[in-house]
Amino acid sequence: SQVISINKAINTQEVAVKEKHARNILLGTHHEKGAHTFWAAVTRLPLSSNAVLCWKFCHVFHKLLRDGHPNVIKDSMRNKADLTDMSRMWGHLSEGYGKLCSIYLKLLITKMEFHVKNPRFPGTLLMSNRQLEEAGENDVNNFFQLTVEMFDYLECELNLFLSVFSSLDMSRSVSVTAAGQCRLAPLIQVILDCSHLYDYTVRLLFKLHSCLPPDTLQGHRDRFLEQFKKIKSLFYRSSNLQYFKRLIQIPQLPENPPNFLRASALSEHISPVVLPAESSSPESEHAVETDDLVDTDVPAFQQSLETKFDDLFGTQNGTRKDDKARLIEQLTREIQVLKDELESFRLESDQICRALKGRVSELEAELAEQSHLRLQAAGESEFLKAELEELRRAREDTEKEHRSVTEIEKKAQANEQRYTKLKEKYTELVQSHADLLRKNAEVTRQMTVARAVQDEVDAVRREMQGKLRAAQERAEKQAMEQLDQLQELQRELTTRTMELESFKGTMDSSEQSNKVLSTQLGAVETEKAELLQSLSAVEAEGQELQRAQSQLVTERESRVKTAEALQNQLNEKESREQALETQMEEARWSCLYGAVEEAQKMIQDALAQIDDPVHISCTSSADYLASRCQAALDAVEQLHLSREAFLAGNSGLPELVRAIVRCGHLIGDTIVQGSATSHMVPVEKGEALSDSIKSCGAEALSVLAAMKQRDGLASADSGQLKAFLEVILATAEDLRPRGLELQQGELGDLVEQEMAATSAAVESAAARILSQDMLNKSRAVDTGIKMEVNERILASCTELMQTIKELILSSKDLQRDIVESGRGAASMKEFYAKNSRWTEGLISASKAVGWGATVMVDAADLVVQGKGKFEELMVCSHEIAASTAQLVAASKVKADKDSTNLHRLQQASRGVTQATAQLVSTKSGKSQIEETDTMDFSSMTLTQIKREEMDAQVLVLELETRLQKERERLGELRKKHYELAGVAEGWGEEECKR
């Protein structure tokens with residue numbers, strides 16, 4: 001019985017595990033006091049090949065670990081290695097049940113290890129406060145370690161919780177579908193575990209804060225706060241799902257987390273308790289007791305029937321009585337058959353009623369979820385507004401920093417200009433100083449020459465003075481001698497008056513000698529006067545030389561002082577400039593370091609999003625990935641050029657900072673879009689793309705880490721990074737849709753050709769419908785109501801074709817406005833190639849409109865002639881309406897909302913819709929024609945009527961069978977249509993087969 005329940009509970013059907021099967025398995029573990037039978041049956045199941053089977057095994061195993069016999073944990077630890085390998089194997093899948101199975105298996109392994117390390121905790125985690133105190137053995141170290149283990153345990157529970165919610169499409173009512181309930185059912189066990197673990201961590205943290213200082217427990221508080229936010233959010237989201245409302249009452253956590261720094265806050269803590277819901281279980285929800293609605297008292301009915309028969313035909317004996325009995329028996333059997341059919345109809349009606357009631361409940365649940373999603377979207381909108389405000393403030397701070405850097409650069413340029421002027425002034429001073437030195441040397445040389453001349457003049461003057469003194473001495477001596485001689489002669493004259501005559505000749509000679517001496521004395525005095533004049537001139541020249549020398553010395557001293565002052569100012573300026581250059585260099589490197597760190601954070605955040613379970617549901621196209629990758633390549637090239645310019649002249653810092661930030665942003669965006677694109681492609685290509693983007697991210701971080709070092713900026717090589725980006729670009733180009741391989745000219749020509757072909761097809765169809773051939777044929781053959789109905793059909797088709805023509809003309813005008821306003825300096829063909837997706841949608845819509853118009857005219861012609869079916873005309877009208885909506889949507893994407901041609905196109909679209917509705921309304925006239933072909937039962941016998949009834953039943957069954965087959969064929973056609981559309985959009989063949 002336990003093995004049967006295991007096989008029924010763990011199967012490949014995507015439905016939730018039934019409670020009765022799980023209950024039988026739990027009772028079996030308590031009966032045999034272990035899980036030997038469970039593991040013996042499970043090991044024969046292909047858990048590694050079917051993800052749904054493995055998911056339901058995890059659900060059942062989780063219930064056994066919680067509510068089964070205590071020996072289940074010990075018996076299951078023998079299979080821990082197999083469970084670990086299975087978790088690693090399923091972890092290679094990035095979506096679906098595979099990723100969920102990997103996370104669930106990790107949770108189960110963590111649960112087993114926790115209970116093995118802490119045997120005091122039961123599988124249900126239900127303990128009293130005293131038992132919790134005993135589990136820690138009154139040791140603060142044990143309480144500390146136990147809290148860490150509970151945090152790890154709770155982290156695994158929350159990862160599974162978040163992964164299940166991320167895998168569901170919350171915009172739909174998934175909780176009332178079988179597939180959604182299959183994923184949500186294990187979360188009941190997770191909610192039970194989380195409520196107990198949250199309660200115990202709160203109590204243990206209050207216990208630890210009473211024994212240890214708050215700084216030691218800062219990490220515990222941070223981790224608890226993070227998990228508190230996740231549990232509160234997940235409990236709130238779960239409480240709004242209809243599936244959980246019918247099974248359990250999920251508790252709501254308080255608005256704010258507990259304050260562990262205040263010991264009295266423990267009394268305010270309320271343990272979250274999960275209670276069962278008041279309503280019945282889902283299995284008994286649709287059980288409806290039915291009573292018989294038909295009285296099966298056959299004998300009484302048969303007696304009344306015989307009485308009526310006798311009243312009509314009278315009583316007869318013999319063979320007539322036997323015929324009557326057989327007829328009664330036959331009628332009785334037919335009545336029984338009719339009763340059975342009535343019973344079957346009644347059961348079908350009951351089933352339909354139950355289905356409708358279930359649908360009503362689903363719609364109510366979906367309405368509740370939609371309201372919850374609306375509230376959640378409003379909250380997310382507020383959060384995004386706050387993030388936008390933060391980003392705006394961050395951008396303003398960045399702009400302020402850029403402005404400050406610009407001001408610093410301007411100041412540096414001004415300082416450089418002042419430095420250049422001072423350098424030029426210093427050069428002029430040095431040149432003037434050199435000139436002055438040369439002039440000083442020349443003056444010194446002249447002074448030396450003048451001093452030599454003055455020395456010579458002094459020597460000559462001293463010599464002349466000596467000669468003059470000698471001549472004066474000689475003249476004085478001679479004068480004295482002559483005076484003595486004269487006195488002696490006068491004395492002799494007085495004594496020798498008589499001898500005067502004798503000495504007359506002597507007197508004459510003496511007079512002559514006196515004259516010669518006087519002449520010599522006059523010449524000496526003249527020479528003396530000349531010498532005195534030359535001496536005064538030399539003295540004047542010497543005084544002038546002394547004045548020039550003193551002036552030169554004064555000027556030289558002033559110039560030396562000026563040069564020393566300028567040299568001091570220049571030294572101070574050089575020191576200030578050196579300090580400014582050092583400060584500016586530090587500011588440059590600080591700005592560069594901050595930019596590199598910001599780029600690293602962008603890339604690290606992008607790499608972290610790859611492993612985030614929330615990112616699994618994100619998708620992207622290969623076309624967008626290629627554009628992002630090409631932009632990243634350009635950014636890397638610009639980074640290389642900016643780095644070379646910065647190293648060459650130690651300038652261009654703003655360009656380098658912008659290049660680093662832009663490179664980090666674009667590489668991070670390439671990583672995120674590459675990861676999202678890998679979710680859309682086959683597994684092999686997805687893994688290769690994922691490896692490439694991870695390698696690209698690691699190489700980008702390595703290059704940025706090298707650029708953070710001053711000595712590593714010159715050696716930072718971005719060649720390997722460009723190689724990785726080129727590999728990603730090649731992969732994206734390989735994954736791009738084949739429809740995008742058209743050249744620019746081909747795509748532009750194709751648009752013109754398709755629009756012209758559509759216009760031609762519509763014109764041809766309009767000409768056919770506007771001609772009187774169809775109406776004349778109908779009037780020649782039909783009369784009365786049939787002719788009136790055909791005229792109404794043709795009139796409706798004519799009006800529809802007129803509105804379609806107006807639609808095509810408006811679409812052409814709007815398309816011309818879109819191309820002229822959007823292409824800029826590019827040509828029309830380049831605009832079509834740049835917006836290839838939009839162009840392909842426009843081409844597809846145009847084709848559909850033209851094809852629908854042509855087919856509708858053919859169908860109307862056949863309907864009027866009585867050879868066609870009115871349903872074909874209805875299908876054509878619906879296709880035209882759908883194609884019109886597609887054309888309007890494709891045009892509205894690129895058009896300006898205030899465009900006049902857009903309003904014309906929307907008016908034409910509404911006209912097409914109204915004309916289509918008017919064409920469909922002619923079905924009532926068609927029904928009038930069909931009602932005229934009623935059968936005449938007046939001439940038919942009972943046997944003929946019965947025969948016709950059987951034939952009608954056979955025809956009904958055949959039509960139902962044919963209807964079922966046609967529906968299946970319609971499903972296959974739609975599947976093939978989606979497959980071809982997927983190929984056109986670039987999906988892989990394996991994805992289409994899936």
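The values are calculated or read from the model by the stated rules, or taken from the named source; none is laboratory data. Predicted, not measured: the structure shown is a model, and the values here were computed from it. In this analysis, Cβ positions are derived from the backbone assuming ideal geometry, glycine residues included, and neighbour counts consider all displayed protein chains. For accessibility, only protein heavy atoms count, side chains too; no ligands or nucleic acids. Shrake-Rupley method; radii C 1.70, N 1.55, O 1.52, S 1.80 Å.
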Where only protein heavy atoms count, and the probe is 1.4 Å, what is the accessible area per residue for the range 622-738 in Å²?
-> 42
Kirkwood-type radius of the range 589-713, with distances r between different C-alpha atoms, in Å | 15.0
Please work out the Cα center distance from the range 73-109 to the range 622-699, rounded to the nearest Å.
-> 35
Which pairs, out of Lys74/Lys230; Lys18/Lys80; Lys685/Lys897, put more than 29 Å between their alpha-carbon atoms?
-> Lys74/Lys230; Lys685/Lys897
Sequence order, the range 105-116: Karplus ³J(HN,Hα) from phi using 6.51 cos²θ - 1.76 cosθ + 1.60, θ = phi - 60°, Hz rounded, Gly and Pro as x, gives 5, 4, 4, 5, 5, 4, 5, 4, 5, 4, 6, 5
Give, as a single signed number, the net charge of other residues whose beta carbon lies under 9 Å from the beta carbon of Val855, with Lys and Arg counted +1 and Asp and Glu -1.
-> -3
When ranked by the protection proxy of mean other Cβ atoms within 10 Å per residue, highest first, what sequence do the peptides 589-597, 358-366 form?
-> 589-597, 358-366
Long-range amide H contacts for Ile248: which residues qualify at under 5 Å (H placed 1.01 Å from N, peptide plane, sequence gap of 5 or more or a different chain)?
-> Ala277
Provide, as a two-decimal number, the C-alpha radius of gyration of the range 1-98 over 2.2 N^0.38 Å, N being how many residues it has.
-> 1.04
Just grab the label-to-label distance for Leu363 and His402, each label 7 Å out from Cα along the Cβ direction, in nm (one decimal).
-> 5.5
Taking 10-22, 904-916 and ranking on average Cβ neighbours within 10 Å, highest first, one gets 904-916, 10-22
Here the FRET efficiency for Gln720 versus Asp612, based on Cβ atoms and R0 = 30 Å and rounded to 0.05, is 0.65
Would you please give the FRET efficiency between Asp215 and Ser267, computed as 1/(1 + (r/R0)^6) with r the Cβ-Cβ distance and R0 = 22 Å, to the nearest 0.05?
-> 0.35
Based on the mean of other Cβ atoms within 10 Å per residue, sort peptides 564-574, 848-858, 718-728, 965-975 so the most packed one is first.
-> 848-858, 718-728, 564-574, 965-975
Could you please state how large a percent of the accessible area of the range 583-735 is carbon and sulfur, counting protein chains only and using a 1.4 Å probe?
-> 51
³J(HN,Hα), Karplus 6.51/-1.76/1.60, whole Hz, each residue of the range 382-395, x for Gly, Pro | 4, 5, 5, 5, 4, 4, 4, 5, 5, 5, 5, 5, 4, 5
Would you mind telling me the share, in percent, of accessible area of the range 1-98 contributed by carbon and sulfur at probe 1.4 angstrom?
-> 53
In units of 2.2 N^0.38 Å, what is the alpha-carbon radius of gyration of the range 156-218?
-> 1.63
Stretchable slack from Thr961 to Glu572, in nm (0.36 nm times residue separation minus alpha-carbon distance) = 129.6 nm
